[in-house]
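Single-structure report; data block below.
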Amino acid sequence: MLTFIANLWRGRFARDHRGVSAVEFALIAPVMICLYFGCVEVSDAVAVDRKVSLTAAALANLSAQVTTISATDMSNILDASGAIIQPYDSTKLKMTITCISIDANKNPTVKWSVTRNGTVNSGTPSLPAALLVPSTQLIRAEASYAYAPTVGYNITGSLNLSDKMYMAPRQTAPTYNSTACT
């Protein structure tokens, strides 16, 4: 009986290749689906990270162009910069603009800071050594976004994507709401 089954297995079933494609598909499909969703998640995260960098650059650029910024002007700067993050949820975006004055001894001091959904800066900020030029001012723009992957949220959780941009004022250090940056 055992010989009969062995001969049947070797003869009949060994030559039957009808189900090979279905078995190969069943083994490869989960891997391909995971790769597809992984590529979608990574490309979406890269797109959001790029938009966060563009937002920080726009904040710094718009703030450095003017000499006086009113509360309405600042609201417009934040609105215009925040629009860059679209079509993603702008309520997850944190933006902060800070004017920093550096004295003759290279000591930086925050003169004013404005934020939307973030934390206002104050005191003595830490700056890269190359930016500590005596008797100058800097505009520091910060943007961060709490990115939650659609498929991989259970694996990674929320990712905090952020960027900082430093820019020297174009004409003179901007005054915000009657607070000078000098």
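Here are some notes:
- Here's the picture: charge each Lys and Arg Cβ at +1 and each Asp and Glu Cβ at -1 in the chain, and of 119, 37, 133 the one pushed furthest to the positive end of that dipole is 37.
- Among the listed values [x] 1.14; [y] 1.79; [z] 0.95, the one computed from these coordinates for Cα Rg over 2.2 N^0.38 Å is [y].
- Within the shell of other residues whose beta carbon sits under 9 angstrom from the beta carbon of residue 94, the net charge comes to +1, with Lys and Arg scored +1 and Asp and Glu -1.
- Excluding same-chain neighbours fewer than eight residues apart, the lysines reachable from residue 111 by a Cα-Cα span under 23 Å are 94, 164.
- Taking 85, 97, 155 as the candidate residues, the one with maximal mean-square fluctuation in a Gaussian network model of the chain, Cα springs under 10 Å, is 155.
- Ranked for footprinting exposure by Cβ neighbours inside 10 Å, fewest first, 39, 181 give 39, 181.
- Cα-based helix-to-principal-axis angle, 71-82 vs the chain, degrees rounded to 10: 20
- For the chain, the longest principal axis of the C-alpha atoms and the axis of helix 20-64 are separated by about 0°.
- Note on residue 179 and residue 71: the model spin-label points, each 7 Å out from Cα along the C-beta direction, lie 1.3 nm apart.
- Size of electric dipole in the stretch 21-176: Cβ of Lys, Arg +1 and of Asp, Glu -1, about Cα centre, debye, nearest 20: 520
- All aspartates and glutamates inside 13 Å of residue 51 as judged from Cα atoms, apart from same-chain residues fewer than 8 positions distant: 89, 142, 163
Laboratory data are not the source of any read-out in this text; all were calculated from the coordinates shown. Note that this is a predicted model, so its numbers are computed, not measured. Cβ: placed from backbone, ideal geometry, glycine included. Neighbour counts: every protein chain shown.
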